[in-house]
Amino acid sequence: MNMSVPASEPLLSKSNSVFCCYLFWSSVLILKMLCMSLLTARQRMKTKTFANPEDLRMGRTPEVRFNDANVERMRRAHRNDLENVLPFLLMSLAYVASGPHPLTAKLLLRIGATARLLHTIVYACVPLPQPARILSFFITFGIVGFEAVYVIIRFIKYI
Amino acid sequence: MNMSVPASEPLLSKSNSVFCCYLFWSSVLILKMLCMSLLTARQRMKTKTFANPEDLRMGRTPEVRFNDANVERMRRAHRNDLENVLPFLLMSLAYVASGPHPLTAKLLLRIGATARLLHTIVYACVPLPQPARILSFFITFGIVGFEAVYVIIRFIKYI
Amino acid sequence: MNMSVPASEPLLSKSNSVFCCYLFWSSVLILKMLCMSLLTARQRMKTKTFANPEDLRMGRTPEVRFNDANVERMRRAHRNDLENVLPFLLMSLAYVASGPHPLTAKLLLRIGATARLLHTIVYACVPLPQPARILSFFITFGIVGFEAVYVIIRFIKYI
């Protein structure tokens, strides 16, 4: 294991360029997740599919509906983000705090975040045939797994 | 950009009053999210709507059910928290770590957290006519977006 | 309140053994959450239940399906993780940053994480009769609640 950052220097601070890289890419991914809410809302307005009785007046719709295919696709993409982007952000924070090799860490952050951007494009914006979605999914998935195993091995004595 | 906190001082520590403000409000929001589980459980008991076969004995119910309107409303409110409160907490942590102006940052944390408390009240406790829910939703939504853009601009060179 | 860690020492750093314990257990829980995606995917393949039209070719299935009991059980267990593991990780991070008593904090991290591992086993792997799931659920739930109240009381003046 490469201990390139001395243990005395604070890792979760602006003086650590890996942490700065984390701040940038986590903000990009959270901004992307905000867009999912807007995309879902747009589909709800377009297809007049509202889940709450108090929303019906906005769309001049007689009743609540839950089964529109376009709305449900957005909701699945959004839920996939909850299941993968949030663990990626929490895991990467722990990984950065564990003091990894700076170049490796920055590369993983950049690739992992970019793959999630692509995942949203091929899932929610322009549905592409498989394996486009599976590939982009497993890139970030694999990076989170690698980071977790790295931290577990490094801090195993604190079990 | 106001660099009111010197870069040498640790930002994610108890000596930074902005971080203390973050600790307080993130705890309040997480406590609120815990309540959502209890509210959903109460509705499940009251309407005898259980999703797992092994839960049926608790309610002396013959079969699983998934479509109770009250339970589903709680679940939508809870999912909305997952989609918005968790990104708010992660984004605000990154924002605090980026060293924003202390007064602005504390104001955003207080308003963003309070709006989510109101959102739960008008969604899950006392369903109010729109635009009560939309307004409280977009206050926190806008704050998360502002924080994300702020951090992205400030750390753009670490792309 | 025990102030066993002096305020000057950085709490979110590798020199704090409580934070190291947090890094280890948060990685274990995130690794566990990744497994939920794989378990759901395995159930989808086994029961040929696909939610997206572009996935149908993988299973040589004629149409999308949403109501398979095994897939839905995995999805409920996964959603339960989103609702509880992610708040546990965020809350414990804030709790560690607040400088709790080291022994108490490590004990809470270990018990809270282990209870979530058990919860997944009795929910998704080997469905056990209640109250197995309720007990493991409320152990972590109670710990998150305790941590939240602890931090709220300690930082109440930053409201």
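Based on this model, can you work out whether A:V71 counts as within 12 Å of another protein chain (Cβ to nearest Cβ), among the aliphatic types (A, V, I, L, M), surrounded by 16 or more Cβ atoms within 10 Å (Cβ to Cβ) and in a helix (DSSP H, G or I)? Here the answer is no, as A:V71 does not meet what is asked. Of the residues screened, B:R42 is one that is more than 12 Å from chain C (Cβ to nearest Cβ), assigned to a helix (DSSP H, G or I) and among the basic types (K, R). Cβ separations smaller than 9 Å between residues 6+ apart or across chains give the following pairs from the range A:144-159 residues that are more than 7 Å from chain C (Cβ to nearest Cβ) and part of a helix (DSSP H, G or I) to residues that are loosely packed, with under 15 Cβ neighbours inside 10 Å and of a type outside the set (D, E): A:Y150/A:M1; A:I153/A:M1; A:R154/A:M1.
For the range B:91-104, a residue qualifies if it is in a helix (DSSP H, G or I) and more than 14 Å from chain A (Cβ to nearest Cβ), and the qualifying residues are B:P102, B:L103, B:T104. Regarding A:M3, is this residue of a type in the set (A, V, I, L, M) and either at pLDDT 95 or above or farther than 21 Å from B:L82 by Cα (or both)? So A:M3 passes the test. Give the range A:6-51 a look and list any residue that's within 30 Å of A:R75 (Cα to Cα), in contact with a Phe, Trp or Tyr (Cβ under 8 Å, 6 or more places away or on another chain), modelled with pLDDT under 95 and of a type in the set (S, T, Y), or say none. Result: A:S37, A:T49. Scanning the range B:115-143 for residues that are among the aromatic types (F, W, Y) and either modelled with pLDDT under 90 or in a loop (DSSP other than H, G, I, E, B) (or both) yields a single hit, B:Y123.
Condition check for C:R57 on (1) farther than 15 Å from A:R133 by Cα; (2) among the charged types (D, E, K, R); (3) within 10 Å of chain A (Cβ to nearest Cβ): one failure, at (1).
Suppose we filter C:I121, C:I139, C:I111 for residues that are more than 8 Å from every other protein chain (Cβ to nearest Cβ), of a type outside the set (D, E, K, R), surrounded by fewer than 22 Cβ atoms within 10 Å (Cβ to Cβ) and touching a Gly at 6+ places or on another chain (Cβ under 9 Å); which single one remains?
Sole residue among the options that is more than 8 Å from every other protein chain (Cβ to nearest Cβ), of a type outside the set (D, E, K, R), surrounded by fewer than 22 Cβ atoms within 10 Å (Cβ to Cβ) and touching a Gly at 6+ places or on another chain (Cβ under 9 Å): C:I139.
The values are calculated or read from the model by the stated rules, or taken from the named source; none is laboratory data. Please read all numbers here as calculations on a predicted model, not as lab measurements. When we count neighbours, we look across all protein chains shown, and the Cβ atoms used for this are built from the backbone with ideal geometry, even at glycine.
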